[in-house]
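The values are calculated or read from the model by the stated rules, or taken from the named source; none is laboratory data. All figures in this text were calculated on a predicted structure; none of them were measured in a lab. Cβ sites come from the backbone with ideal geometry, for glycine too, and all protein chains shown count toward neighbours.
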Amino acid sequence: GNSVTQMEGPVTLSEEAFLTINCTYTATGYPSLFWYVQYPGEGLQLLLKATKADDKGSNKGFEATYRKETTSFHLEKGSVQVSDSAVYFCALNNNNNDMRFGAGTRLTVKP
Amino acid sequence: GAVVSQHPSRVICKSGTSVKIECRSLDFQATTMFWYRQFPKQSLMLMATSNEGSKATYEQGVEKDKFLINHASLTLSTLTVTSAHPEDSSFYICSAMRLQETQYFGPGTRLLVL
């Protein structure tokens, strides 16, 4: 079946540090891949997405590249800010009505 | 961008009562809406998928008589938690999808059953 595995948190970084949150997936066919961010007490916000192999999604300094050969969609940011502190969810959608989420990775950025 | 709202954002009720949560897509017509449940520090669990004008499709283990879903229009879906009990306390999140596009999530509703 379809599933997403992302690195366990929590992740604690200093401001301006480099961020990587690993995400790998298992799916048949060609899923679309997503990163969502959840700030405390709020719902999920779409951060970025990629719909086919080698696509790079980017937004607010975050990037992730759809790697079919390694079935990965790792999230990266070159310089994190305190305001990036949140929970990040990797997700895949294989037939539009079947969204699978990873367990979430909590990021805390300290000044 | 696509905006999805939920109401109420927070509700406290007594055990045995029913609670209705609304999910609205504000600036687009949603062909499909989804209801998720999130336990503290955990990921989202899909409860059901609803299409406008038809019955919702529930995930395995989700009681359809307990969690009533009505998708009356292309912009509104409601989740009613019937005869709520303390174990139903959770964070409920809806999402809406336009045609074959991305899911857009509401801000969530925190339910506390006393």
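Taking the condition of being among the small types (Gly, Ala, Ser) and under 12 Å from residue B:112 (Cα atoms), how many residues in segment B:1-17 meet it? Summing the residues that are among the small types (Gly, Ala, Ser) and under 12 Å from residue B:112 (Cα atoms) in segment B:1-17 gives 2. Just one of the listed residues (A:54, A:98, A:84) is within 26 Å of residue B:90 (Cα to Cα) and away from chain B (no Cβ under 14 Å), namely A:84. For the criterion of being touching a residue at least 60 places away in the same chain (Cβ under 8 Å) and in contact with a His (Cβ under 8 Å, 6 or more places away or on another chain), residue A:90 fails. Criterion applied to B:37, B:98 was being of a type in the set (Lys, Arg) and under 10 Å from the mean Cα position of the chain (by Cα), and the one residue passing it is B:37. Looking at B:75, B:80, B:49, which is the one that is modelled with pLDDT under 95 and more than 12 Å from chain A (Cβ to nearest Cβ)? Exactly one residue qualifies, and that residue is B:75. Of the residues making up segment A:1-48, just one is among the acidic types (Asp, Glu), farther than 14 Å from residue A:103 by Cα and modelled with pLDDT under 90, namely A:42.
Residues of segment B:35-84 that are surrounded by fewer than 18 Cβ atoms within 10 Å (Cβ to Cβ), free of Cβ contacts under 8 Å to residues at least 60 places away in the same chain, part of a strand (DSSP E or B) and β-branched (Val, Ile, Thr): B:57 alone. Would you check if there is a residue in segment A:57-77 being under 19 Å from residue B:34 (Cβ atoms) and of a type in the set (A, V, I, L, M, F, W, C)? No, every residue in segment A:57-77 fails to be under 19 Å from residue B:34 (Cβ atoms) and of a type in the set (A, V, I, L, M, F, W, C). The residues listed here are B:55, B:66; of these, the one that is more than 12 Å from chain A (Cβ to nearest Cβ) and either in contact with a helix residue (DSSP H, G or I) (Cβ under 6 Å, 6 or more places away or on another chain) or at pLDDT below 90 (or both) is B:55. A single member of B:21, B:93 is at the interface with chain A (Cβ under 10 Å from one of its Cβ atoms), at pLDDT 90 or above and buried (at least 22 other Cβ atoms within 10 Å of the Cβ), and it is B:93. Go through the residues of segment B:100-112 one by one and say whether even a single one is touching a residue at least 12 places away in the same chain (Cβ under 8 Å), over 25 Å from residue A:51 (Cα atoms) and more than 11 Å from chain A (Cβ to nearest Cβ). Yes; the residues of segment B:100-112 include at least one that is touching a residue at least 12 places away in the same chain (Cβ under 8 Å), over 25 Å from residue A:51 (Cα atoms) and more than 11 Å from chain A (Cβ to nearest Cβ). Of A:3, A:32, all but one fail to be within 29 Å of residue B:91 (Cα to Cα) and surrounded by fewer than 19 Cβ atoms within 10 Å (Cβ to Cβ); the exception is A:3.
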